[in-house]
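The values are calculated or read from the model by the stated rules, or taken from the named source; none is laboratory data. Note that the coordinates shown come from a computational prediction; the quantities given were computed from them, not determined experimentally. Counting neighbours? That spans all protein chains shown, and the Cβs are built from the backbone with ideal geometry, glycine included. Keep in mind that these areas ignore ligands, DNA and RNA; they rest on the heavy atoms of the full protein, side chains included. Shrake-Rupley method; radii C 1.70, N 1.55, O 1.52, S 1.80 Å.
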Amino acid sequence: MLFGLALAAPVAHSGKVTGWTHGTQLIGLVTSNDDVLISGQITATGTFTLQLTDQSAMMRPYLKTTDRLYFVGASCSADQCGVKISDPDARWNVIKALHVQGNPELRGISLISGDDMDAELDVLDPDPWRPRQGRYFAYAERPVTVIGSVITKETRDTVASEQRYNLKLPAGWSMVERFEEYVFNPDQSMKLHLMGMRSVPMTPQTWAVKK
């Protein structure tokens with residue numbers, strides 16, 4: 001039984017890379033083993049379209065069940081584990097960045113949409129505790145929904161944390177948003193570290209170059 005209906009997977013995704021200066025190139029989603037999952041062309045002005053073809057056979061080695069991707073379900077060891085997974089055996093995964101293909105001089109460039117959620121907070125940022133969001137591509141072998149929260153209570157040495165999930169993944173490609181924010185008490189002490197992941201429409205996105 002699905003907790004809500006997942007939308008049909010889209011067949012293409014368009015975007016624009018701000019400040020693109022590297023001319024026309026081939027770009028795409030590339031795995032850690034350099035398998036090209038999806039490819040497309042970026043123009044000299046930074047616009048691109050990716051064709052989201054069925055990549056089930058190629059994606060299979062990179063997919064995991066939800067409780068292997070995140071500490072939810074049977075693997076949850078937090079104080080409160082309230083996540084419902086519609087199909088615990090369904091496998092899926094996310095990929096955050098696009099990469100240039102076939103040009104060794106641009107091999108170190110990646111394209112991201114939103115914040116780099118895996119980067120450490122920059123203490124020189126005027127507001128290092130601001131809310132952050134990053135958009136990722138998701139691929140699921142079959143429809144699955146993941147809805148609920150995982151809560152770890154405050155201790156003498158750690159702040160309370162909550163991970164929220166609202167994922168409704170169709171079979172095939174879709175888009176998700178990771179988010180993170182810090183909630184403070186009136187005296188500016190930290191109250192809660194809130195993070196999570198939710199499904200979002202695969203609308204045209206603004207992308208940026210990350211070296």
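Assorted remarks:
- Residue match in the range 91-98 (condition: among the aromatic types (Phe, Trp, Tyr) and assigned to a strand (DSSP E or B)): yes
- Scanning the range 99-125 for residues that are over 24 Å from VAL200 (Cβ atoms) and either of a type in the set (A, V, I, L, M, F, W, C) or assigned to a helix (DSSP H, G or I) (or both) returns VAL100, PRO104, GLU105, LEU106, ILE109, VAL123, LEU124.
- Pick from the range 71-83, criterion assigned to a strand (DSSP E or B) and in contact with a helix residue (DSSP H, G or I) (Cβ under 9 Å, 6 or more places away or on another chain), ranking: nearest to ARG198 (Cα to Cα): VAL83
- Unmet requirement for SER86, which otherwise passes all of (1) open to solvent by less than 80 Å² (accessible area, probe 1.4 Å); (2) of a type in the set (Ser, Thr, Tyr); (3) at pLDDT 85 or above; (4) over 21 Å from ILE151 (Cα atoms): (4)
- In the range 141-169, the residue that is farthest from SER199 (Cα to Cα) out of those that are modelled with pLDDT of 95 or more and open to solvent by less than 10 Å² (accessible area, probe 1.4 Å) is VAL144.
- Scope the range 56-71; condition out of contact with any Gly (no Cβ under 9 Å at 6 or more places or on another chain) and open to solvent by 30 Å² or more (accessible area, probe 1.4 Å); matching residues: ALA57, MET58, ARG60, PRO61, TYR62, LYS64, ARG68, LEU69, TYR70, PHE71
- Failed item in (1) at pLDDT below 90; (2) more than 16 Å from the chain's Cα centre (by Cα); (3) closer than 22 Å to MET58 by Cα, with GLY73 passing the rest: (3)
- Only one of the listed residues (ARG178, ARG156) is free of Cβ contacts under 8 Å to residues at least 60 places away in the same chain and basic (Lys, Arg). That residue is ARG156.
- Residues being assigned to a loop (DSSP other than H, G, I, E, B), exposed (fewer than 13 other Cβ atoms within 10 Å of the Cβ) and at pLDDT 85 or above - total across the range 1-55: 6
- Of the residues making up the range 160-177, not a single one is outside any strand (DSSP E or B) and among the hydroxyl-bearing types (Ser, Thr, Tyr).
- Top-ranked residue in the range 178-199 [being in a strand (DSSP E or B) and of a type in the set (D, E, K, R); ranked as least open to solvent (accessible area, probe 1.4 Å)]: GLU180
- Of all residues making up the range 56-70, the number that are at pLDDT below 90, closer than 16 Å to PRO143 by Cα and either part of a loop (DSSP other than H, G, I, E, B) or more than 17 Å from the chain's Cα centre (by Cα) (or both): 2
- Screening the range 122-134 for residues that are under 18 Å from the mean Cα position of the chain (by Cα) and open to solvent by 50 Å² or more (accessible area, probe 1.4 Å) and picking the one that is farthest from ASP87 (Cα to Cα) gives PRO131.
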